[in-house]
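A.B. asks: Would you mind keeping the following structure in view while I ask a few things?
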Amino acid sequence: MSLNLTDITLTYPDGDTRLTALDQVSLKAPQGSLTAVVGPSGSGKSSLLAVAATLITPDTGTVTIDDQTTTGLSRGELTELRRHKIGIVFQQPNLLPSLTGAEQLQVMARIDGRKPRTAHTRAMELLDAVGLADQAGRRPHQLSGGQRQRINIARALMNDPTVLLVDEPTSALDHERGAAILDLITRLTHQRATATVLVTHDPAHLTAVDQIAEVHDGRLSLQAANRHYARSSRTSHAPESE
């Protein structure tokens, strides 16, 4: 099991009381699987992803990544864990404007202490995997939105993580480009055997996932993915922004 969240409770200060963002949430994301996290705005989806990424420490519960429990780890140890085990695809690519596509990826490897030649080889391998080997020398302003998101995904895979966490990767894309990005994430999840957790508001893409985690008022329920869910969700309510 690459990612295991067990009985996670997370609260935030809210005046004289505390607001419960996650209420005894448990989630298992097996190696090589794609889990979609869905729910209305403010339901706790982003909090769930932040806890899984070890960016926020929950009040109670445990986060386990590759049989390593994060409880009690120092800030430096958590940083090392994220560097080697977790890839994060943020909603906005946030690429460095002065760097080429290949350089965006090589920065990650250099931070990890890899040699420049090794970093370049790895970067080109990943750019080829996302279909952008021929765009390696272009800078962000020379790329489309979909291409920038592909580089964002490749960058998250640069240090060969076992867990891939993806936050709304299609929110700024049209339907066709969004579907292409979801297809890419699905393919890379299976090829690279990552435990991928995807936060999304777009039910049209949920036929590609292995399981669906619905979050409402901080509580989570799981169901197997199927084509009927995507159709019924699309007709019952429109996606909300968060």
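The values are calculated or read from the model by the stated rules, or taken from the named source; none is laboratory data. Since the structure is predicted, the reported quantities are computational estimates derived from the model, not experimental observations. Glycine also receives a Cβ, built like all others from the backbone with ideal geometry; neighbour counts cover every protein chain displayed.
A.B. asks: Do we have H84 as assigned to a helix (DSSP H, G or I) and within 30 Å of I8 (Cα to Cα) here?
C.D. replies: Taking the combined requirement at face value, the residue satisfies it.
A.B. asks: Okay, next question. Out of the stretch 106-137, which residues are more than 20 Å from the chain's Cα centre (by Cα), of a type in the set (V, I, T) and either at pLDDT 90 or above or on the phi > 0 side of the Ramachandran plot (or both)?
C.D. replies: T121
A.B. asks: Okay, moving on. If you take the residues in the stretch 146-204 that are of a type in the set (D, E, K, R) and assigned to a loop (DSSP other than H, G, I, E, B), which one is modelled with the lowest pLDDT?
C.D. replies: Among residues in the stretch 146-204 that are of a type in the set (D, E, K, R) and assigned to a loop (DSSP other than H, G, I, E, B), the one modelled with the lowest pLDDT is D202.
A.B. asks: For G113, all conditions in the list (1) in a helix (DSSP H, G or I); (2) over 30 Å from L48 (Cβ atoms) hold save one; what is the number of the exception?
C.D. replies: G113 satisfies every listed condition except (1).
A.B. asks: Based on this model, can you work out whether P93 counts as of a type outside the set (V, I, T), in a loop (DSSP other than H, G, I, E, B) and more than 17 Å from the chain's Cα centre (by Cα)?
C.D. replies: no
A.B. asks: Now for a different question. If you go through the stretch 8-37, how many residues are part of a strand (DSSP E or B), more than 20 Å from L198 (Cα to Cα) and not polar (S, T, N, Q)?
C.D. replies: Going through the stretch 8-37 one residue at a time, the tally reaches 5.
A.B. asks: Okay, next question. Have a look at G72, G44 and point out the one that is closer than 21 Å to N4 by Cβ and either of a type in the set (S, T, N, Q) or touching a strand residue (DSSP E or B) at 6+ places or on another chain (Cβ under 6 Å) (or both).
C.D. replies: The unique qualifying residue is G44.
A.B. asks: Here's a check for you: in the stretch 118-145, which residue that is of a type in the set (S, T, N, Q) and part of a helix (DSSP H, G or I) is nearest to L182 (Cα to Cα)?
C.D. replies: Filtering first and then ranking leaves Q135.
A.B. asks: Something else about it: Looking only at residues that are touching an Asp or Glu at 6+ places or on another chain (Cβ under 7 Å) and polar (S, T, N, Q) in the stretch 170-221, which one is farthest from V51 (Cα to Cα)?
C.D. replies: T170
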